[in-house]
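Peer 1: Pasting a structure here, questions to come.
The values are calculated or read from the model by the stated rules, or taken from the named source; none is laboratory data. Just so you know, these numbers come straight off a predicted model, no measurement behind them. When we count neighbours, we look across all protein chains shown, and the Cβ atoms used for this are built from the backbone with ideal geometry, even at glycine. Side chains included, ligands, DNA and RNA excluded: accessible areas come from the protein's heavy atoms. Shrake-Rupley method; radii C 1.70, N 1.55, O 1.52, S 1.80 Å.
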Amino acid sequence: MPPVPFLPGSLSATLPPAWSIHGVVVTEVQDPIWRKQHYRKKMTHWFHRNPLKATAPVSFNYYGVATTPAAAKVCNDLRLSRTRLLELFTDSSCNPEMMKNATDLYFSLLQGFILSLDDSSQECKLRYIQNFKWTDTLQGQVPSAQQDAVFELVSMGFNVALWYTKYASRLAGKEDITEDEAKDVHRSLKIAAGIFKHLKESHIPKLITPVEKGRDLEARLIDSYIIQCQAEAQEVTIARAIELKHNPGLIAALAYETANFYQKADQTLSSLDPTYAGKWRKYLNLKTCFYMAYAYCYHGQTLLASDKCGEAIRSLQESEKFFAKAEALCKEYGETKGPGTTAKPSGHLFFRKLGSLIKNTLEKCQRENGFIYFQKVPAEAPQLELKANYGLVEPVPFEFPALNAHWTPETLAAFDLTKRPKDDTAKPKPDEEVKPLKEPDIKPQKDTGCQIS
């Protein structure tokens with residue numbers, strides 16, 4: 001039996017030795033594929049990306065409230081680390097190590113506004129000292145505002161997860177990609193899924209103000225982001241399995257599972273306003289049809305290898321139908337207005353390669369049937385009841401870093417909330433616009449016909 005492309009549910013099979021994810025150290029399994037195979041290939045992926053969330057500046061200046069140099073230093077460190085993290089979101093040279101260092105520093109400092117220093121269930125007195133404003137990935141530049149440090153934690157965490165997806169997208173769009181870079185794409189998408197999952201399960205429920213419908217922190221959107229990350233990571237697994245000529249049955253099963261992921265993500269968004277979610281849903285529909293076409297194509301190869309040539313032809317014909325649907329959706333995607341990247345996916349290499357594969361495989365099956373098998377082609381397409389035993393993607397577990405060492409009982413006690421100005425103007429302004437972040441790679445790549453952001 002050939003080695004599997006990725007061990008099921010295994011993070012360690014995709015990471016270099018002793019690699020750390022936000023404090024969790026993992027080690028590499030000696031995967032014989034990665035150890036023995038050395039390859040450079042044209043990555044055939046294209047991913048839709050929604051815009052990053054934007055936010056209003058925060059000075060953390062609490063004159064009179066922060067009564068000691070230590071307290072003032074924590075506030076200054078918060079301001080500087082937040083500014084630095086926001087800069088990295090749009091820095092095309094930023095890598096996961098830089099992002100991890102920046103997020104660990106800011107989140108460890110921000111925890112001082114949220115966590116109790118004595119491990120009690122008592123709420124930190126600084127949690128509601130500052131108002132934070134954040135836009136949404138779908139609903140334009142009118143921000144949501146909450147005077148709550150937990151809102152800042154989950155909003156910034158959301159952007160960190162988005163950054164990992166965008167980093168994976170940029171890397172996947174390279175002309176040539178090494179095996180280590182392919183691992184980075186796969187790993188970054190799983191990390192993003194893990195962050196989204198952690199926010200949904202552990203921190204968003206702690207918000208005092210309920211999440212508005214259709215906003216980023218609502219369960220429907222979070223779930224869709226999680227599922228999309230899993231599906232896209234499995235695309236990398238499929239590409240690798242194809243590159244290394246694994247069993248067509250395994251490839252068909254992985255493609256079928258991936259199509260189901262995209263379909264589930266689309267169904268999760270079905271009740272959202274199409275003005276905001278329409279373009280995103282076109283992408284999810286497109287990828288559903290695309291990977292159903294992949295599944296039927298490779299299932300047809302499996303049937304042909306089992307001397308079921310008539311059924312193989314019918315499977316390839318079904319593959320053609322799904323590919324035609326995907327092609328039509330490509331055009332609709334390009335014409336649909338809304339948040340997200342502008343692209344012509346039908347001109348992308350990932351799309352053109354599948355079209356050629358289906359055509360050539362179907363012609364081969366028809367030739368074989370005309371010379372050897374003489375089997376009747378069934379009227380009904382074969383039912384795909386495929387289950388992948390390998391290569392399925394699970395989110396990487398994520399935890400926020402521990403409280404920064406600068407937060408001591410003395411530092412916290414030095415914040416005197418009785419000295420806050422009585423005419424505190426830090427009130428939410430829901431109609432105030434926040435400038436969008438200027439993201440890198442905003443122009444379509446000529447050689448691929450798509451935009452990676």
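Peer 1: What ranking do 411-420, 294-303, 82-91, 106-115 get when scored by the average of other Cβ atoms within 10 Å per residue, highest first? Please list the in-between numbers first.
Peer 2: Values: 411-420: 14.9, 294-303: 25.7, 82-91: 17.1, 106-115: 21.5.
Listed from highest to lowest mean packing, they are 294-303, 106-115, 82-91, 411-420.
Peer 1: While we're looking at this one, here's another question. If you take all C-alpha pairs in the range 41-87, what percent of them are over 14 Å apart? Could you put the intermediate results ahead of the total?
Peer 2: Numbers: 700 of 1081 pairs.
When every Cα pair of the range 41-87 is considered, 65 percent fall beyond 14 Å.
Peer 1: How long are the three semi-axes of the equivalent ellipsoid of the range 88-154, in whole Å, if each is the root of 5 times an eigenvalue of the C-alpha gyration tensor, listed from largest down? Mind dumping the intermediate values first?
Peer 2: Details: eigenvalues 127, 78, 11 Å².
Here the semi-axes work out to 25, 20, 7 Å.
Peer 1: Follow-up question, since we're still on this one. Rounding to the nearest 20 debye, state how big the charge dipole of the range 239-295 is about its Cα centre with +1 on each Lys and Arg Cβ and -1 on each Asp and Glu Cβ.
Peer 2: Numbers: 7 positive and 4 negative charges, 22 e Å.
Using Cβ point charges on Lys, Arg, Asp and Glu, the range 239-295 gives about 100 debye.
Peer 1: In addition: Give me the percent relative contact order of the range 184-321, please, defined on Cα pairs under 8 angstrom at least 6 residues apart. Walk me through the numbers on the way to the answer.
Peer 2: Details: 152 pairs, mean separation 30.0, N = 138.
In percent, rounded to a whole number, it is 22.
Peer 1: Follow-up question, since we're still on this one. Measuring with a 1.4 Å probe in the full set of protein chains, what accessible area per residue, in whole Å², belongs to the range 34-167? Mind dumping the intermediate values first?
Peer 2: On the way: 4910 Å² over 134 residues.
For the range 34-167, the per-residue accessible area is 37 Å².
Peer 1: Now for a different question. With every protein chain left in place, what is the accessible area of TRP46 in Å² (1.4 Å probe, nearest 10)?
Peer 2: 0
Peer 1: Further, regarding this structure: So, with a 1.4 angstrom probe, what is the percent of accessible area on the range 129-263 that is carbon and sulfur? Mind dumping the intermediate values first?
Peer 2: Working: 1700 of 3510 Å².
Accessible surface attributable to carbon and sulfur in the range 129-263 totals 48 percent.
Peer 1: Only Cα pairs under 8 Å and at least 6 apart count here; give the relative contact order of the range 306-407 as a rounded whole percent.
Peer 2: Working: 52 pairs, mean separation 46.8, N = 102.
It rounds to 46 percent for the range 306-407.
Peer 1: Count the lysine pairs in the range 101-245 whose Cα atoms lie under 23 Å apart, taking only pairs 8 or more positions apart in sequence or on different chains.
Peer 2: Final tally of qualifying lysine pairs is 21.
Peer 1: With bins 10 Å wide starting at 0, give me the P(r) of the range 272-417 over every alpha carbon pair, in whole percents.
Peer 2: Result, from short to long distances: 10, 27, 22, 16, 10, 7, 5, 3, 1 percent.
Peer 1: Amide H of PHE132: which non-local residues (sequence gap of 5 or more, or other chain) have their own amide H closer than 5 Å, using H built in the peptide plane?
Peer 2: When sequence neighbours closer than 5 places are left aside, the close amide H contacts are GLN146, GLN147, ASP148.
Peer 1: Also, quick follow-up: Starting from the amide H of ILE177, placed 1.01 Å from N in the peptide plane, find each other amide H under 5 Å away whose residue is 5 or more places distant or on another chain.
Peer 2: Placed amide hydrogens put LYS41, MET43 under 5 Å from ILE177.
Peer 1: If amide hydrogens are placed 1.01 Å from N in the peptide plane, which non-local residues have theirs closer than 5 Å to the one on GLY391?
Peer 2: Here the answer is PHE6, GLY9, since their amide H atoms fall under 5 Å of that of GLY391.
Peer 1: Across the range 261-376, how many lysine pairs, 8 or more positions apart or on different chains, have C-alpha atoms separated by under 17 Å? Please give the number.
Peer 2: 29
Peer 1: In addition: Full extension from THR408 to SER270: what is 0.36 nm times the residue separation minus their Cα-Cα distance, to one decimal in nm? Write down the numbers at each step before the final one.
Peer 2: Working: separation 138, 0.36 × 138 = 49.68 nm, distance 4.76 nm.
Taking 0.36 nm per residue and subtracting the Cα distance, the gain is 44.9 nm.
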